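First comes the structure, then the notes that go with it.
The values are calculated or read from the model by the stated rules, or taken from the named source; none is laboratory data. What you see is a predicted model, and the numbers here were worked out from it, not measured in a lab. Positions of Cβ are generated from backbone atoms using ideal geometry, with glycine treated the same way; all protein chains shown enter the neighbour counts.
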């Protein structure tokens, strides 16, 4: 497994589920700077706003301009021109892989969400709205992350079970509270004539600890510490996903941290799946 080339592909996200629709966007037009709009951006903590040629609904969109640039122009009593170097074209397609969205929002925290429409043999450009880094905390994104981590958890349990390692050798790696909970859950299930094994009661952090101890070499890692280093943050991310009031994304750096963590989760899942007996692969 160590020499295998494993392709990591992130799930596709439909940004229409989390974006701010175009009709609800605060827009800036070419010409004099509106002090009212700049104050509104400050109040709502908007870093960027889309720029159009005019207020007309079908007016061309030129890109995004930062609040900092608008404040500077307002202070200097200058207008926003079409050629202003502060206008940037920062776009992302409405249907795209989650890692691409995380990368793009780490570079510029607000993006125009665009799409191409085929009509009468012609390709037409359209805009759905804008997406901000804070939109990545919404339920559709959390659902994708949960599914990635749940798949890792299920696959790890199947892999560890397939190795036929002594049950108590596995569980003794964990603290006493974890041992009591896992063994208690297992015993209770068996008394109800349901025996799916002790790992049914193990959490992701516990499965990762077992994998790091016994299976790091089989998964292509040089040491237990190497595996633990790239997986240590995954249980905390899962806790954040399960508690909707806790933000996953707070700044641009957290976009990249989340991308790296999810990459490692998908990579390990694929490595584990490659080592499972074919009939056990999910």
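Of these, 40, 85, which one is more than 30 Å from residue 11 (Cβ to Cβ), outside the structural domain of residue 256 (by TED's automatic domain parsing) and part of a loop (DSSP other than H, G, I, E, B)? Result: 85 is the single residue among 40, 85 that is more than 30 Å from residue 11 (Cβ to Cβ), outside the structural domain of residue 256 (by TED's automatic domain parsing) and part of a loop (DSSP other than H, G, I, E, B).
Looking at this structure, is residue 214 more than 24 Å from the chain's Cα centre (by Cα), modelled with pLDDT under 85 and either surrounded by 15 or more Cβ atoms within 10 Å (Cβ to Cβ) or closer than 16 Å to residue 265 by Cβ (or both)? For residue 214, the condition - more than 24 Å from the chain's Cα centre (by Cα), modelled with pLDDT under 85 and either surrounded by 15 or more Cβ atoms within 10 Å (Cβ to Cβ) or closer than 16 Å to residue 265 by Cβ (or both) - is met.
From the list 64, 70, which residue is assigned to a helix (DSSP H, G or I), under 32 Å from the mean Cα position of the chain (by Cα) and surrounded by 18 or more Cβ atoms within 10 Å (Cβ to Cβ)?
Details: 64 fails: assigned to a helix (DSSP H, G or I).
So the residue among 64, 70 that is assigned to a helix (DSSP H, G or I), under 32 Å from the mean Cα position of the chain (by Cα) and surrounded by 18 or more Cβ atoms within 10 Å (Cβ to Cβ) is 70.
Looking at the range 24-34, can you tell me whether even one residue there is at negative phi and in a helix (DSSP H, G or I)? Yes - at least one qualifying residue is present in the range 24-34. Of all residues in the range 166-182, none that is under 16 Å from residue 212 (Cα atoms) and not assigned by TED's automatic domain parsing to the domain that holds residue 204 has its Cβ atom under 6 Å from the Cβ atom of a residue that is crowded, with 16+ Cβ neighbours inside 10 Å and at pLDDT 80 or above, 6 or more apart or on another chain. For the residues 238, 191, 246, the requirement of being farther than 19 Å from residue 152 by Cα, in contact with a helix residue (DSSP H, G or I) (Cβ under 7 Å, 6 or more places away or on another chain) and modelled with pLDDT of 85 or more singles out 246.
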